[in-house]
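Trainee: Sharing a structure, written as structure tokens. Questions coming.
The values are calculated or read from the model by the stated rules, or taken from the named source; none is laboratory data. None of the values given here were measured: they were computed from a predicted structure. A quick note on method: Cβ atoms are made from the backbone with ideal geometry, for glycine too, and the neighbour counts reach across all protein chains shown. To get the accessible areas, we keep the full protein, side chains included, count just its heavy atoms, and leave off ligands, DNA and RNA. Shrake-Rupley method; radii C 1.70, N 1.55, O 1.52, S 1.80 Å.
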Amino acid sequence: MDKALVEARAAASRGEVPVGAVIVGPDGVIVASAGNRTRELNDPTAHAEILALRAACAAAGSERLPDHDLYVTLEPCAMCAAALAAARIRRIYYGAADPKSGGVAHGARVFTHTQAHHVPEVYDGIAGQEAADLLKDFFAARR
């Protein structure tokens, strides 16, 4: 999660919402990492999770990552949760909960639907306070 927090801080320094994601392969080595780039790329899908997922799939040469784990600083939104299910990510570890836009424990709760073809193991609250503070400070500075 430390590397995901580094990515989140880097995103904030670029003026992006401070969310960072890291994907770890079956051998425990980081295979991809990213921070939000929606504004920079003018792409509403350029969330940290999606960017890391694209890079990890490219590195694996596959659209599926069944032996990979995601570490992300904020609860994934519904779009990201659906993409992670499609990629068959094994585990998701996230920091701060997102009652407003989350798609795992809040909102859409993507993995609870019968349409979910894959349900990863989910662990929340990992460095949650630090991740929440990054977000709070980022938005406070913009008000």
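Trainee: Pairs please, first residue from segment 125-143 and touching a residue at least 40 places away in the same chain (Cβ under 8 Å), second anywhere and surrounded by fewer than 17 Cβ atoms within 10 Å (Cβ to Cβ), Cβ atoms under 8 Å, 6+ apart in sequence or on different chains.
Mentor: 127/2; 134/9
Trainee: Which residue pairs have Cβ atoms under 9 Å apart, sit 6 or more places apart or on different chains, and have a first residue in segment 77-103 that is in contact (Cβ under 8 Å) with a residue 40 or more places away in the chain and a second that is of a type in the set (S, T, N, Q) and outside any loop (DSSP other than H, G, I, E, B)?
Mentor: Going by the 9 Å Cβ cut-off, the qualifying pairs are 95/73; 95/129.
Trainee: Further question on the same structure: Are any residues in segment 61-81 surrounded by 19 or more Cβ atoms within 10 Å (Cβ to Cβ) and either over 9 Å from the mean Cα position of the chain (by Cα) or of a type in the set (S, T, N, Q) (or both), and if so, which ones?
Mentor: Correct list: 65, 68, 69, 73.
Trainee: Does segment 17-26 contain any residue that is open to solvent by 20 Å² or more (accessible area, probe 1.4 Å), modelled with pLDDT of 95 or more and of a type outside the set (Val, Ile, Thr)?
Mentor: Yes.
Trainee: Of the residues 70, 41, which single one is in contact with a Leu (Cβ under 7 Å, 6 or more places away or on another chain) and not charged (D, E, K, R)?
Mentor: Only one candidate qualifies: 70.
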